[in-house]
Amino acid sequence: MAFPNISDIVATTIENRSRKIADNVTKNNGLLTWLDAGGRVKTISGGYKILQELSFAANGNAGWYSGYDLLPVAAQDVLSAAEFEIKQAACPVIISGLEQLQNAGREQMIDLLEGRISVAESSMANLIAEGIYSDGTGAGGKEVTGLDLAVSVTPTVGAYGGIDPALWAFWANKYTAAGLDATTVDGAMNTMWASLVRGMDKPDLIVMDNDFWGIFVASLQSQQRFTGADSATRGFPTLKYMTADVLLDGGLGGYATTKTAYFLNTKYLHWRPHAARNMVPLSPNKRYAINQDAEVQILGWAGNLTCSGRQFQGRLVDNN
């Protein structure tokens with residue numbers, strides 16, 4: 001006889017795998033892996049928007065003094081927050097009435113669901129991996145606000161996180177486009193790197209697509225570049241440039257932006273999933289189609305990619 005509580009199996013299976021699914025989404029994208037390893041994944045618990053706190057000015061009270069000089073104690077407005085929309089994604093897992101009848105017994109049903117949930121898991125991972133490189137306008141503005149806007153090709157045009165870089169220079173990323181090859185890429189990378197260093201702040205991750213990776217590797221010639229043990233165990237091809245890991249986030253079916261290297265200081269990038277909607281079933285209750293013999297459970301996610309230091313991010317493009 002058919003197992004009667006199909007929706008319970010669907011919901012429980014997704015629920016039991018929810019942490020694994022969330023982890024696999026991270027592991028499907030090099031940038032998210034680095035953010036996770038660096039403690040830059042922080043859930044949100046609610047609110048109309050995601051607020052990412054940042055400092056935008058120095059404290060004007062800082063200065064030299066001697067002996068009994070009076071010290072300034074004027075109030076200083078030095079903190080603010082960028083605002084980001086909460087974006088949502090979902091993938092339904094569907095079981096028809098016929099399939100419920102055909103899959104008699106708990107074991108058969110679990111085998112069927114495991115396969116479909118694995119597909120849903122991969123589909124969500126790919127959806128988010130693609131979104132990480134988007135400008136947030138995909139799907140009618142419902143897509144994740146990704147690197148294409150955070151590290152823009154027009155750094156001073158258009159608001160990002162509710163802040164206009166044309167008015168606030170600290171909120172503009174660095175951008176350079178040039179015809180690059182194996183003989184010129186090192187110089188361009190050196191210039192971009194230097195423009196992003198401020199004391200101890202410097203890029204710790206450089207993300208490349210297949211084309212840019214090919215140019216960079218060709219420039220190494222007989223040089224030997226080694227990656228650290230931690231980087232190697234994260235599962236992505238990496239090299240070293242200065243103190244940063246250079247990551248190939250293209251490969252087969254990758255979503256990295258074509259002919260682009262993102263110079264990222266991940267200290268100021270944050271992955272902000274909602275605590276109650278991080279790859280979990282949207283409802284444990286049964287969902288029936290009105291005019292079909294079918295039952296649905298929905299795997300859901302909500303959140304966004306945020307930034308608290310746009311001036312520390314750079315984008316180098318090969319325009320050949």
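The values are calculated or read from the model by the stated rules, or taken from the named source; none is laboratory data. These numbers come from a predicted model, not from an experiment. Don't worry about glycine lacking a Cβ; one is built from the backbone with ideal geometry, like all the others, and counts go over all protein chains shown.
A few notes on this one:
- Filter result for the condition that a residue is surrounded by fewer than 17 Cβ atoms within 10 Å (Cβ to Cβ) and either within 26 Å of ASP209 (Cα to Cα) or of a type in the set (Asp, Glu) (or both), over ASN291, ASN304, ASN319: ASN319
- Of residues in segment 293-320 being in contact with a helix residue (DSSP H, G or I) (Cβ under 6 Å, 6 or more places away or on another chain) and polar (S, T, N, Q), the one modelled with the highest pLDDT: GLN311
- Residue ID - surrounded by the fewest Cβ atoms within 10 Å (Cβ to Cβ), chosen from residues in segment 116-143 that are among the hydrophobic types (A, V, I, L, M, F, W, C) and in contact with a strand residue (DSSP E or B) (Cβ under 8 Å, 6 or more places away or on another chain): LEU127
- Helices (runs of 4 or more DSSP H) enclosed by segment 57-152 - at least 2 residues per element that are modelled with pLDDT of 85 or more: 106-131, 138-141, 147-150
- Residue list for segment 151-163, restricted to those being loosely packed, with under 14 Cβ neighbours inside 10 Å and on the phi < 0 side of the Ramachandran plot: THR154, VAL157
- Helices (runs of 4 or more DSSP H) (entirely within segment 167-253) containing at least 1 residues that are modelled with pLDDT of 95 or more and among the hydroxyl-bearing types (Ser, Thr, Tyr): 185-195
- Counting the residues of segment 259-276 that are assigned to a strand (DSSP E or B) and either over 16 Å from the mean Cα position of the chain (by Cα) or aliphatic (A, V, I, L, M) (or both) gives 6.
- For segment 259-292, taking the residues that are in contact with a helix residue (DSSP H, G or I) (Cβ under 6 Å, 6 or more places away or on another chain) and at pLDDT below 90, the one that is farthest from TYR241 (Cα to Cα) is identified as LYS286.
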